[in-house]
Amino acid sequence: MNNSVTNTARLLWAGLRALLVLTLVTGVVYPLVVTGVAQAAFHNKANGSEIKADGKVVGSSLIGQQGYSLDYFQGRPANGLGSNSVNTQYKLILSGATNLAADNKVLIKQVKDAKAAVVKDNSVPGYTVTPSQVPADAVTSSGSGLDPDISPAYAELQVHRVAAKNDLSVAQVEKLVKDHTSGRTLGFVGEPRVNVLELNIALKELTKGS
């Protein structure tokens, strides 16, 4: 009987020690090491890829924002996010796509309406946009609805409007777009892209100096 109790106590003590050691290693040491490495080697990414303007965090380079006035570059539509959320600026509580089929009448109407709006909004005196110029990302939302980037083609389409709205030359705004166009990741992954938030921050700085 005594041997049985002793063996049980020994096993319980061994299990408790294993629990304490594993808790310390996997629950304290490992998270601290990973956090330390991330902060040291990837500080910005580890903290959410924050973008700052005027000394304040205004968003993330990973999350698209809605609600820009026509003085600024517009991002992709976010039809999948719903109309009863607080998806304004970068204060987001959900993401999602429309999940509508390509031949769905609702989606077709959304695309047609979006294309008409892009043509109307970006046609300014001396520059008329045609429906054939409108790229796909200007009228469709991404899978998450939070895509922070647009194609160079969509950015270039908006150049004349942005220049006219801000009393800038077309050349100035074209250079701004070119300077904020990123190429394919590693030279072959994905497509060239323009981060809308970063571009609009640069635009705001340019208008301050003009």
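The values are calculated or read from the model by the stated rules, or taken from the named source; none is laboratory data. All values derive from a computational prediction rather than experimental measurement. In this analysis, Cβ positions are derived from the backbone assuming ideal geometry, glycine residues included, and neighbour counts consider all displayed protein chains.
Taken over segment 153-194, the residue count meeting the criterion of being of a type outside the set (Gly, Ala, Ser) and over 22 Å from Gln133 (Cβ atoms) is 7.
When residues in segment 11-40 are screened for being more than 29 Å from Asn200 (Cβ to Cβ) and under 38 Å from the mean Cα position of the chain (by Cα), 17 of them pass.
Exactly one condition in (1) of a type in the set (S, T, N, Q); (2) at pLDDT below 95; (3) surrounded by 17 or more Cβ atoms within 10 Å (Cβ to Cβ) is not met by Asn195; state its number. Only one criterion in (1) of a type in the set (S, T, N, Q); (2) at pLDDT below 95; (3) surrounded by 17 or more Cβ atoms within 10 Å (Cβ to Cβ) is unmet by Asn195, namely (2). Among the conditions (1) loosely packed, with under 13 Cβ neighbours inside 10 Å; (2) within 29 Å of Ser49 (Cβ to Cβ), Ala102 misses just one, which is (2). Inspection of segment 1-10 identifies at least one residue that is more than 36 Å from the chain's Cα centre (by Cα) and in a loop (DSSP other than H, G, I, E, B). Taking into account only those residues within segment 136-161 that are in contact with a Pro (Cβ under 9 Å, 6 or more places away or on another chain) and among the β-branched types (Val, Ile, Thr), which is farthest from Lys115 (Cα to Cα)? Restricting to residues being in contact with a Pro (Cβ under 9 Å, 6 or more places away or on another chain) and among the β-branched types (Val, Ile, Thr), the top hit is Ile150. Close Cβ contacts (under 6 Å, 6 or more residues apart or on different chains) running from residues in segment 121-137 that are under 11 Å from Val159 (Cα atoms) and in the same structural domain as Val159 (by TED's automatic domain parsing) to residues that are among the aromatic types (Phe, Trp, Tyr) and surrounded by 12 or more Cβ atoms within 10 Å (Cβ to Cβ) are absent. Would you be able to say whether some residue in segment 98-109 is closer than 18 Å to Leu70 by Cα, without any contact (Cβ under 8 Å) to a residue 24 or more places away in the chain and in the same structural domain as Leu62 (by TED's automatic domain parsing)? No, there is no match, as no residue in segment 98-109 is closer than 18 Å to Leu70 by Cα, without any contact (Cβ under 8 Å) to a residue 24 or more places away in the chain and in the same structural domain as Leu62 (by TED's automatic domain parsing). For segment 169-210, residues that are under 17 Å from the mean Cα position of the chain (by Cα), in a helix (DSSP H, G or I) and charged (D, E, K, R) total 1. Just to check your reading of the model, which residue among Leu16, Leu70 is in a helix (DSSP H, G or I) and either in contact (Cβ under 8 Å) with a residue 12 or more places away in the chain or of a type outside the set (Gly, Ala, Ser) (or both)? Only one candidate qualifies: Leu16.
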